[in-house]
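Report on the following structure.
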Amino acid sequence: MGTDDAADWVTAAVAATRGWQEDVYRHVHQHPELSHQESHTAALIADRLRALGCEVHEGVGGTGVVGFLRNGDGPSVLMRADIDALPVREQTGLPYASEVTGTDAQGAEVPVMHACGHDVHLTCLLGAAAALSGARDRWRGTAIALFQPAEELGDGARRMVDDGLVALLGAVDVALAQHVLPFPSGTVATRPGAVLSAADSMRVTVFGRGAHGSMPQSSVDPVVLASMIVIRLQTVVSREIAPVEPAVLTVGSIRGGTKSNVIDDHAVLELNLRTYSDQTRARVLAAIRRIVTAECQASDSPREPEFEMYDQFPPTINDTAVTDRVRAAFDRAFGAQSQDLPLQSASEDFSDLPRALGVPYTYWGIGGTDPETYRTAAEAGRVEQDIPVNHSPYFAPLIQPTLDTGTRAMTTAALAWLAAT
Ligand code: ZN
Ligand code: ZN
């Protein structure tokens, strides 16, 4: 079965899923759930997968769901969607806008919205599972639909892995994922190599010796120490990383002291780091530790500094051969609507899954913006200002052709392996 033929029947199969998919999408959009609390969403997904004839595993890593379509010997393809929403108050004005509130991890009541479009991803993956389930004579192998919680916290994929995901999945040949982004609906966009940055947050505590503000000779001043560190850290990207290698190091917070005439005994810095390769990430992290430790010595700090990593996301680096194969299938299916994806500064935890499995992967974008709105903004040179981006309270993907496009894209990419045998 060749993939040229695949484009036609996939289009027909996607048309057949359209009705229920739009209902599922509106329902999920109106009932968003925060990270690690996606129980209603997960139950809806599991019910739909069972109705499609999948072998379903629920509660993987908390609220994760995995559905298997086993269809004889052949490749095993992992298709992943994320399912969580954000603490954002929706302001789209859509008839199906969320009015839901939830309780965050700190116990505060917060508004909840699918402001990142994960409702699009899960609806498209359910549609791809339906298309594959309804055409078992056209492919062989195992199609796995994996619904991951808590992408927004960066630990949903890891929790599924820690809960025995590798053993549950068995042998896998390739992993696929997609994200709706603020470019014209109806288009798909791929990119080989680095596609999303790694993100790391680091809390650094440095120690001084407290004293009266009038007697600095008795102190080790942690505010001066922290200030020297902030200045010196500016040299990491500018002097230690090649200019063609993108990296960002931001000191987002610096806290020390309580009063003008008291020298405190510690200061806390919070750093955020974005990099696009494991080597650069390791190099910047090592430089931070080296500079902080050396500045503490220079100040005669009485205690070693403390480093705490949090909110960590791995880099997303698309396998070239896998991406080329998906791109060729997209070019056949979407023609001129199959485009190049620019390097993205956002981060994702999807790659924790293929890394744990030891398999190659690719991650692509689908457009969610009304093409007319986008064209008007582009002509005025106002895309950045006028087109709501992911996490905005105004982020409102056009239902169609966005759902059709994401469903066709995921199905087409999976068939590049499953229909090839
Ligand atoms: Zn997001
Ligand atoms: Zn997202």
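The values are calculated or read from the model by the stated rules, or taken from the named source; none is laboratory data. Predicted model, so just to flag it, every value in this text is computed and none were measured. Note that each Cβ is placed from the backbone with ideal geometry, even for glycine, and that neighbours are counted across all protein chains shown. Just the protein is used for accessible areas: all its heavy atoms, side chains included, with ligands, DNA and RNA removed. Shrake-Rupley method; radii C 1.70, N 1.55, O 1.52, S 1.80 Å.
Would it be correct to say that I241 is under 13 Å from V204 (Cα atoms) and either touching a residue at least 12 places away in the same chain (Cβ under 8 Å) or not aromatic (F, W, Y) (or both)? So I241 fails the test.
Those strands (runs of 3 or more DSSP E) of segment 46-120 in which 2 or more residues are charged (D, E, K, R) and either over 24 Å from P397 (Cα atoms) or away from ligand 2 (no atom under 16 Å from the Cβ) (or both) occupy 55-60. Determine if segment 104-124 includes at least one residue that is away from ligand 1 (no atom under 16 Å from the Cβ), farther than 28 Å from V172 by Cα and open to solvent by less than 50 Å² (accessible area, probe 1.4 Å). The answer is yes, given that some residue of segment 104-124 is away from ligand 1 (no atom under 16 Å from the Cβ), farther than 28 Å from V172 by Cα and open to solvent by less than 50 Å² (accessible area, probe 1.4 Å). Cβ-Cβ distances below 8 Å connect the following pairs, each with a first residue in segment 346-359 that is among the charged types (D, E, K, R), a second residue that is open to solvent by 20 Å² or more (accessible area, probe 1.4 Å) and within 16 Å of ligand 1 (Cβ to nearest atom), and a separation of six or more residues or different chains: E348/F313; D349/D155; D349/F313. Screening P393 on (1) over 30 Å from V161 (Cβ atoms); (2) at pLDDT below 95; (3) within 16 Å of ligand 1 (Cβ to nearest atom) shows it passes everything except condition (2).
To keep it simple, each residue is scored yes or no on (1) within 16 Å of ligand 2 (Cβ to nearest atom); (2) over 26 Å from V112 (Cβ atoms); (3) not assigned by TED's automatic domain parsing to the domain that holds A177.
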site	(1), (2), (3)
A356	no, yes, no
T362	no, yes, no
G367	yes, no, no
D370	no, no, no
A378	no, yes, no
V389	yes, no, no
P393	yes, no, no
L398	no, no, no
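Filtered by the rule that a residue be away from ligand 2 (no atom under 16 Å from the Cβ) and open to solvent by 20 Å² or more (accessible area, probe 1.4 Å), segment 129-157 gives S133, G134, R136, D137, R138, R140, T142. Within the option set E33, E99, E55, being under 23 Å from the mean Cα position of the chain (by Cα) and acidic (D, E) holds for one residue only, E33.
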